[in-house]
Amino acid sequence: MSRRVMLLLESDYLRLSKESGAAWKRVVRAIISEYVDHDSGFNPRNPGKNVPRFLLNDVVRFWRTLCVDFAYKQWEQQGHKWGLRNIKLRMSRKLIFVKGLLMCMRHFQDEAVDSESLKGKLCAYAEAHPLPFIYDTLNPYTELHPHLVKLFAAYDTFLHRMNDKSLRDHLERLNRDTAYD
């Protein structure tokens with residue numbers, strides 16, 4: 001499950017050749033087809049039922065797996081690199097999770113989305129990088145614009161700080177017990 005979802009949410013093909021892109025797209029299409037074709041709850045004639053539930057379930061399970069893995073590594077490594085893993089979970093990994101949720105929910109209330117159309121859209125979404133995809137999905141909702149600005153500003157700050165070697169070193173040494181002092 002984790003590898004399938006990671007492939008859909010995080011992967012990218014080598015853009016050096018058309019062959020690698022074609023192979024990547026075939027694999028993604030096959031995975032998405034499995035999710036949509038075997039979802040007995042998907043009914044193209046029933047608006048509001050356009051959520052690929054099996055895919056949504058696996059996206060949520062993937063997020064839970066990331067969180068459990070974070071907790072396990074914290075225990076296994078006795079808190080070593082806790083700060084760095086924590087900030088990555090809260091920023092980069094959470095954006096990937098949000099992309100997955102939005103992929104599944106983007107056509108929730110659309111009228112009569114047939115399964116082939118939905119599969120094509122999901123394939124295109126899988127190809128998109130998380131931030132542009134989140135922006136494109138939420139930008140039509142003007143009431144969300146202030147939140148999008150905050151999201152992009154926070155992520156920009158996160159990326160700049162992750163490039164600061166002294167801060168990365170500090171985060172690697174930071175442990176949970178002293179982080180909030």
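Numerical summary
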read-out	value
Per-residue Cβ neighbour rank within 10 angstrom, fewest leading, Thr142, Thr137, Thr178, Thr65	Thr142, Thr178, Thr65, Thr137
Between helix 115-127 and the chain: long-axis angle, C-alpha atoms, 0 to 90°, nearest 10	30
Computed E for Leu7/Tyr135 - FRET, C-beta separation, R0 35 angstrom, nearest 0.05	0.95
Relative contact order of segment 43-156, pairs being alpha-carbon contacts under 8 Å that are 6 or more residues apart, as %	36
Pairwise label distance in nanometres, His160 with Glu127, each label 7 Å out on the Cα-Cβ vector	3.3
Candidate lysines - alpha carbon under 21 Å from Lys165, same-chain residues fewer than 8 apart omitted	Lys81, Lys88
Mean-position separation - Cα centroids, segment 109-172 and segment 48-74, in angstrom	17
Least to most buried among Phe152, Phe158 (fewest other Cβ within 10 Å first)	Phe152, Phe158
Folded to 0 to 90 degrees: helix 145-162 orientation relative to the chain principal axis, Cα	50
The chain: most fluctuating residue of Tyr135, Tyr13, Tyr125 per GNM, C-alpha cutoff 10 Å	Tyr13
Size descriptor, Kirkwood hydrodynamic radius, that averages inverse alpha-carbon separations across segment 2-179, Å	18.1
Rounded to 10°, Cα long-axis angle of helix 94-105 versus longest principal axis of the chain	10
Sequence of Val59, Val68, Val27 once ranked by neighbouring C-beta atoms within 10 Å, starting from the fewest	Val68, Val27, Val59
Value of [θ]222 nm, deg cm²/dmol, for the chain, DSSP H segments ≥ 4, -39500 (n - 2.57) each, nearest 500	-21500 deg cm²/dmol
Extension gain (nm, one decimal) between Lys25 and Met91, 0.36 nm per residue minus Cα-Cα	21.0 nm
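All of the numbers you see were taken from the coordinates with simple rules; none came from a lab. All figures in this text were calculated on a predicted structure; none of them were measured in a lab. Glycine also receives a Cβ, built like all others from the backbone with ideal geometry; neighbour counts cover every protein chain displayed.
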